[in-house]
1. Within region A:52-78, count every residue that is assigned to a loop (DSSP other than H, G, I, E, B) and under 14 Å from B:HIS21 (Cβ atoms).
2. Take the conditions within 10 Å of chain B (Cβ to nearest Cβ), open to solvent by less than 10 Å² (accessible area, probe 1.4 Å) and of a type in the set (Asp, Glu) and apply them to A:ASP301. Does it pass?
3. Just one of A:SER360, A:SER325 is outside the structural domain of A:ASP247 (by TED's automatic domain parsing), in a helix (DSSP H, G or I), over 14 Å from the mean Cα position of the chain (by Cα) and more than 17 Å from A:ASP306 (Cα to Cα); which is it?
4. For region A:216-235: of the residues being open to solvent by 10 Å² or more (accessible area, probe 1.4 Å) and more than 8 Å from chain B (Cβ to nearest Cβ), which is nearest to B:LEU188 (Cα to Cα)?
5. Among residues belonging to region B:147-161 that are more than 8 Å from chain A (Cβ to nearest Cβ) and among the hydroxyl-bearing types (Ser, Thr, Tyr), point out the one that is most open to solvent (accessible area, probe 1.4 Å).
6. Would you tally the residues in region B:197-224 being more than 22 Å from A:LYS187 (Cβ to Cβ) and buried (at least 23 other Cβ atoms within 10 Å of the Cβ)?
7. I'd like the full set of residues that are more than 23 Å from A:SER325 (Cα to Cα), touching a Leu at 6+ places or on another chain (Cβ under 8 Å) and either open to solvent by 50 Å² or more (accessible area, probe 1.4 Å) or touching a residue at least 60 places away in the same chain (Cβ under 8 Å) (or both), limited to region A:135-169.
8. Which one of these does A:GLY199 not meet: (1) in a loop (DSSP other than H, G, I, E, B); (2) more than 10 Å from chain B (Cβ to nearest Cβ)?
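The values are calculated or read from the model by the stated rules, or taken from the named source; none is laboratory data. Keep in mind the model is a prediction, meaning the values are calculated, not measured. Note that each Cβ is placed from the backbone with ideal geometry, even for glycine, and that neighbours are counted across all protein chains shown. Keep in mind that these areas ignore ligands, DNA and RNA; they rest on the heavy atoms of the full protein, side chains included. Shrake-Rupley method; radii C 1.70, N 1.55, O 1.52, S 1.80 Å.
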Amino acid sequence: MIASKDFAARSRQVAADLTHRGFIHKALSGYELKRDENIGKFQNWGAARQSAAEIKWETINHLDHYLVEFTSKLEARGAKVFWATTGQQVCDYVSDLARDKGAKKIVKSKAMTSEEVHLNAALRKAGYEVVESDLGEYIVELAGHAPYHFVFPAMHLKREEISALFEKELGTAPTRDPEELTMIARKVMRQVYCTADIGISGANFAIAETGMISITENEGNARLTTSLPKVHVAIMGIEKVLPNLSDLALFLPMLATAGAGQALTGYNSMIGGPRQPGEIDGPEEMHVILLDNHRTQLLADPEQRDALHCIRCGACLNVCPVYRSVGGHAYGTTYAGPIGSVITPHLRGLHEWKHLSNASSLCGACTGACPVKIDLHHHLLHNRRNAAKAKPAWWEKIAYDVFAWVMDRPALYRLAGKLGYWGQKLHPLVERTFLDPARSWTVTREVPKLAPEPFRDLWKKRRQSATT
Amino acid sequence: MSDREKILGRIREALRLPAPHPGVHGGASLDQGEDAGRREVPDYTDWLPAVGRTFEERAALFAKNAADLRAEFFLLDNESELPAAFQKLAAAQGWKRIVTHRGSLIDRTLIGNTLPVGYTDQGYVVAEMEASDAGLTECEALVAQTGSVLVSAKSSGGRALSVLPPHHIVVARASQMVADLGAAFAGLKAKYGEQYPSFLSFITGPSRTGDIERILVLGAHGPKKLTIFCVPG
């Protein structure tokens, strides 16, 4: 299986790169401090998480109702709604729209759904100029990388690398100053906003009650993207909906705190329709694309349905010991980290992506960090179980059958224990060599030592000395 | 069958099996036949960060949050101080041209102003607004809990005025200071009913990014500076 081999190879490479791991660790430690400080300001963070989980539960478990309400309200305000079963339909819809509008330049603010359906590649292939306006996305696009993290896309790049990239691609002077680097991108982007024909955004939430989408960002690029071009296209997964506008009063601070350790993100904008009569500016048209792309398949699994509660804050990535060791590019998925490992098998096939659920220490840090209380580490176990049930590996089945057979026979079990103990004495002769039967384990780990005397012998002795 | 019907059909099919309620680990599921569309959600105001009851407490919290966000907040004793405060800022920043919209507080602010002023109310040229030094707007509310300014397409000169110029100046009245986002939403509902503006935004500090080595830089795409004047009334 190719995806699993790629994952193993890339993980091994990044896990051995201590400089890189140190860099990532430093960035995420800063996040943890700020997050804890802001969690401390909540009067009851635990209760807030429970409330958020209940609101999402209510919405996801009545998703048809809330989607119908959301889209009819939005359409009443003059927006066009397009329902897309597949990613290809999204690409086709936007390409056709761009053609109909005679568009040349398209500016985008961050949308993970567009990464999911590979929209940029499709639009470029169709001949359109596409510019990512989020600074991190702009940098990774210039570098030809995939986003490293779905909240901090360029966190793996050092300032020197970004400076060299700008020098090569934009011809700017080298600098080590993050502010100067940011200003270079600002200058480039300002011209893009003013001349782009279409602005594409994502949506962090959709509000059924009022027919609005809500976009959370720090830079202001999403605001410019949705204000200046004549056409605004928003792409969102069908799971993004919330019942009431006032629910944002809970979700916006929680997203900011869990996602980036902020009390509130710089700009939280709610957009309901194109420019309305009597308004000064704004796009003439607003198109909202609702993307299924196998989300209904995840919805059909009641055990893991709560994975659709996800608000893509990235908190589970930030605290995950596996993510922190192997990095965001090892996964080879749109959504990395624990939530990616849980949902990717549903979105893209269990057997090709089940290996991600094995790459977990089951420490539960992800579950503890999740602001909407998704039972992430149990879902990793559920994926393992489902994969084993659907298509058991023959060697695994034989190993467990033998194990069960031995465990059923106390005499054999005793003998196996003795053999193991003596066998282990001989193990150092071959340890880590090609003759080592446990090589895949011993290459990176110590083998736990069997006790010189088994517990049952100790117990027997104890009983004997007690009775004598 | 349209994709809308297909997707809704798949959702309804999927939801025939009930899911366990959050926090009930392996526990019984709630029945979901009768309660579809129910809007009973817990009141979570008490879980959010604490906000004082009086205007003074709220203004103090707003001032502290604004300082943390590197925004400037001025609480003026009298509306008549607005023009002088504005002109002092304009002189200090060396503005050549500003853009604004029509509004009673803005008219008060611009008394005695000598700078060239563009108004967005009858439309504007994007390049001119981009080249201006500052955007002056009114707002819907100030939010104490988060130090945010709520703007809307109707109250604040359109969508772009509060984000395109490099310095955003907000003028607000003390009565617009609310405790939290929930109170701000309630205010919008009371004011607009179903006729919400097409655009609302909570602005929390100047534009910022941490995309390069997680180091904070102000003015990523939007304003590098945010100044808020609050007057009694």
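1. Result for region A:52-78: 2.
2. no
3. Matching residue, one of A:SER360, A:SER325: A:SER325.
4. Step by step, filter region A:216-235, then rank; the result is A:THR216.
5. Ranking the qualifying residues of region B:147-161, first place goes to B:SER155.
6. 8
7. A:GLU169
8. With respect to (1) in a loop (DSSP other than H, G, I, E, B); (2) more than 10 Å from chain B (Cβ to nearest Cβ), A:GLY199 is out only on (1).
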